[in-house]
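Chemist: Input: one structure, supplied below.
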Amino acid sequence: MRDRYSLIVGLLFLAVIVVATVNTIDGGGGGETLGLDQLPPRWPLPEFAVPEGGGKLEGDANIAQDDCETSAIPCPEGAERTPACQVEVAESIRVCDFFERPLVISFWFSRGGGDCVEQQDLVDDAFRRYRGRVGFLSLDIRDDRDTVRDLIRERDWEMPVGWDHDGAVGSLYGVGLCPTFAYVFPGGTLQSASIGELTLAQLSDRVDRLLEATARAERG
C-alpha cells in the first residue's frame, strides 16, 4: 500500500532533522556534512526503500529507520510510520535485501552533463561479471521517471535500478557529485567509497578489493 511506502508528509520536517544528524560528523569545528568517501570504515548504512526505476510504483523514498512506537522522536498523534526495510510493496527496492553479500551502490543522475549515464553502463557490465558474488544497486537521484525508464530500456541494463524521486536517499548519504560509489560489507556496513568516474578495470579492482576485505573479515 502506498501509504505504508511513502513517508508521512507531516513527518517530513522531522525526517530532515534526522538526515542532518546522520550525515554530520563532528570535526571539532561545529560539525560539517561529509561525503561518503570521508566516512569511517564500518559505518552502518541507513536503510531505505525506493521504487524500481523501470516500474510503475510512484512515490518518494522511504528513509524511516524506525516506527512511531520505537522512535526517539515522537510522531504526531494518530500517525503511522513504517521502517524502510519493513516495507512490503510490489516494484519497490529495499537496500537491506542486498545485505546478504558484498554490495556496490552507484548513485547517479543524468542532469548537468558528464558521463554519469555511461558510468552506469560499466556498473551493469560489472553486475553481469560478478553476478551471484556481489550485489549491485544503481540509484538514480531526482531524474524524472520517464528518463529513468527510457535509459533502462535503451541501454539494456540488467542490474537493479532504483528511483530516488525526491533526493531523500541522496541527502541521507551525503551524495553531491556524480557518480558516487559505496562499497559495502555483508550486513550493511561501509567498506569504502569513491567519487568520480572509473574505468571498468578500476571498478573491477574496487570490487575485488571489497571481496578480499570481506574474506579477511570472515576469517577473523
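The values are calculated or read from the model by the stated rules, or taken from the named source; none is laboratory data. The structure presented is a predicted model; accordingly, all values stated were derived computationally and were not measured. A quick note on method: Cβ atoms are made from the backbone with ideal geometry, for glycine too, and the neighbour counts reach across all protein chains shown.
Chemist: Considering only segment 166-220, how many residues are in contact with a Cys (Cβ under 7 Å, 6 or more places away or on another chain) and either among the aliphatic types (A, V, I, L, M) or at pLDDT 95 or above (or both)?
Modeler: Taking segment 166-220 first, the residues in contact with a Cys (Cβ under 7 Å, 6 or more places away or on another chain) are 178-179, 188.
Now restrict to residues that are either among the aliphatic types (A, V, I, L, M) or at pLDDT 95 or above (or both): 188.
Residues flagged as in contact with a Cys (Cβ under 7 Å, 6 or more places away or on another chain) and either among the aliphatic types (A, V, I, L, M) or at pLDDT 95 or above (or both) within segment 166-220 amount to 1.
Chemist: When you scan segment 87-98, do you find a residue that is surrounded by fewer than 16 Cβ atoms within 10 Å (Cβ to Cβ), within 21 Å of V169 (Cβ to Cβ) and over 20 Å from the mean Cα position of the chain (by Cα), even just one? So that I can check it myself, show each step before the final result.
Modeler: Within segment 87-98, the subset surrounded by fewer than 16 Cβ atoms within 10 Å (Cβ to Cβ) is 88, 90-91, 97.
Narrowing the set further to residues that are within 21 Å of V169 (Cβ to Cβ) leaves 88, 90-91, 97.
Then drop every residue that is not over 20 Å from the mean Cα position of the chain (by Cα), which leaves none.
Within segment 87-98, none of the residues are surrounded by fewer than 16 Cβ atoms within 10 Å (Cβ to Cβ), within 21 Å of V169 (Cβ to Cβ) and over 20 Å from the mean Cα position of the chain (by Cα).
Chemist: Inspect segment 194-206 for any residue being within 23 Å of N62 (Cβ to Cβ) and either among the charged types (D, E, K, R) or outside any loop (DSSP other than H, G, I, E, B) (or both) and give the result as yes or no.
Modeler: Applying the first criterion (within 23 Å of N62 (Cβ to Cβ)) to segment 194-206 yields none.
Looking for residues that are within 23 Å of N62 (Cβ to Cβ) and either among the charged types (D, E, K, R) or outside any loop (DSSP other than H, G, I, E, B) (or both), one finds none in segment 194-206, hence no.
Chemist: Being closer than 21 Å to P41 by Cβ, of a type in the set (S, T, N, Q) and surrounded by 17 or more Cβ atoms within 10 Å (Cβ to Cβ), is that true of even one residue in segment 165-182?
Modeler: The answer is yes; a qualifying residue exists.
Matching residues to (1) out of contact with any Cys (no Cβ under 7 Å at 6 or more places or on another chain); (2) under 26 Å from D60 (Cα atoms):
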{"site": "D97", "(1), (2)": "yes, yes"}
{"site": "V104", "(1), (2)": "yes, yes"}
{"site": "F109", "(1), (2)": "no, yes"}
{"site": "E118", "(1), (2)": "yes, yes"}
{"site": "A126", "(1), (2)": "yes, no"}
{"site": "R131", "(1), (2)": "yes, no"}
{"site": "V134", "(1), (2)": "yes, no"}
{"site": "L137", "(1), (2)": "yes, yes"}
{"site": "D143", "(1), (2)": "yes, yes"}
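Chemist: Could you list all residues from segment 155-180 that are touching a Ser or Thr at 6+ places or on another chain (Cβ under 6 Å), assigned to a strand (DSSP E or B) and not aliphatic (A, V, I, L, M)?
Modeler: Of everything in segment 155-180, nothing turns out to be touching a Ser or Thr at 6+ places or on another chain (Cβ under 6 Å), assigned to a strand (DSSP E or B) and not aliphatic (A, V, I, L, M).
Chemist: Next question, about the same structure. Among the residues of segment 99-129, which ones are out of contact with any strand residue (DSSP E or B) (no Cβ under 6 Å at 6 or more places or on another chain), surrounded by fewer than 20 Cβ atoms within 10 Å (Cβ to Cβ) and touching a residue at least 40 places away in the same chain (Cβ under 8 Å)?
Modeler: Within segment 99-129, F99, E100, S110, G112, G114, D115, D125, R129 qualify.
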